[in-house]
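Asker: Dropping a structure here in structure tokens format, bear with me for questions.
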Amino acid sequence: MDIGVLRRDGRTDPFFDGTAAGRLVIRRCEACERWYAPDAGGCPECGEEDLAWADASGEATLVTWTAVHGRPAEDGTAPPPAHLALVELAEGPWMYARLDGVSGGDLREGLPLRACFEHPDEGESYVLFRPAG
């Protein structure tokens with residue numbers, strides 16, 4: 001299932017620079033050493049407004065997921081469903097992402113995952129998660 005063309009918005013430049021290089025980059029509060037998802041705007045713990053960007057390990061566990069079914073082609077064949085997930089990164093924050101290399105029967109809460117990166121011809125590179133191992 002095609003997710004469309006992703007574009008950076010200026011605020012997300014470090015995240016997309018990381019995905020282009022095959023690295024998962026998320027937010028980190030240097031003042032209190034807490035990690036946050038890439039879209040975090042500030043630290044709710046200590047009030048720091050300027051969060052740093054830092055490399056994450058890319059390891060995660062599956063929290064929950066859903067299957068999105070695309071429209072059948074004109075010949076009636078249906079594309080395989082896309083699996084969208086909420087994952088918990090090893091550093092602690094939760095992040096929405098697409099799963100890759102899985103079928104519905106493979107999925108279970110707590111499934112170990114590993115970040116991988118898609119590099120489309122147009123638009124920004126993005127992160128997916130696959131079963132670890």
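Asker: Looking at T64 and the list (1) over 15 Å from R98 (Cβ atoms); (2) outside any loop (DSSP other than H, G, I, E, B); (3) polar (S, T, N, Q), which single condition is not satisfied?
Answerer: (1)
Asker: Which residue, of P38, P120, is in contact with a strand residue (DSSP E or B) (Cβ under 6 Å, 6 or more places away or on another chain), in contact (Cβ under 8 Å) with a residue 12 or more places away in the chain, assigned to a loop (DSSP other than H, G, I, E, B) and within 23 Å of F16 (Cβ to Cβ)?
Answerer: Answer to the check: P38.
For (1) of a type outside the set (D, E); (2) surrounded by 11 or more Cβ atoms within 10 Å (Cβ to Cβ), each residue gets a yes or a no:
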site: E33; (1), (2): no, no
site: Y36; (1), (2): yes, yes
site: D39; (1), (2): no, yes
site: G47; (1), (2): yes, no
site: A52; (1), (2): yes, yes
site: A60; (1), (2): yes, yes
site: W65; (1), (2): yes, yes
site: G70; (1), (2): yes, yes
site: A85; (1), (2): yes, yes
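Asker: Quick one: how many residues across the stretch 64-105 are under 30 Å from R27 (Cβ atoms), of a type in the set (D, E, K, R) and without any contact (Cβ under 8 Å) to a residue 60 or more places away in the chain?
Answerer: 2
Asker: Related question: Does E91 qualify as being closer than 18 Å to A132 by Cβ and surrounded by 14 or more Cβ atoms within 10 Å (Cβ to Cβ)?
Answerer: So E91 passes the test.
Asker: To continue, here is another question. Given the residues A60, A40, which is the only one that is modelled with pLDDT under 95 and either among the polar types (S, T, N, Q) or touching a Leu at 6+ places or on another chain (Cβ under 8 Å) (or both)?
Answerer: Within the list A60, A40, the selection yields A40.
The values are calculated or read from the model by the stated rules, or taken from the named source; none is laboratory data. Just so it is clear, the structure is predicted and the values come from calculations on it, not from any experiment. No Cβ is skipped: glycine too gets one built from the backbone with ideal geometry, and neighbour counts run over all protein chains shown.
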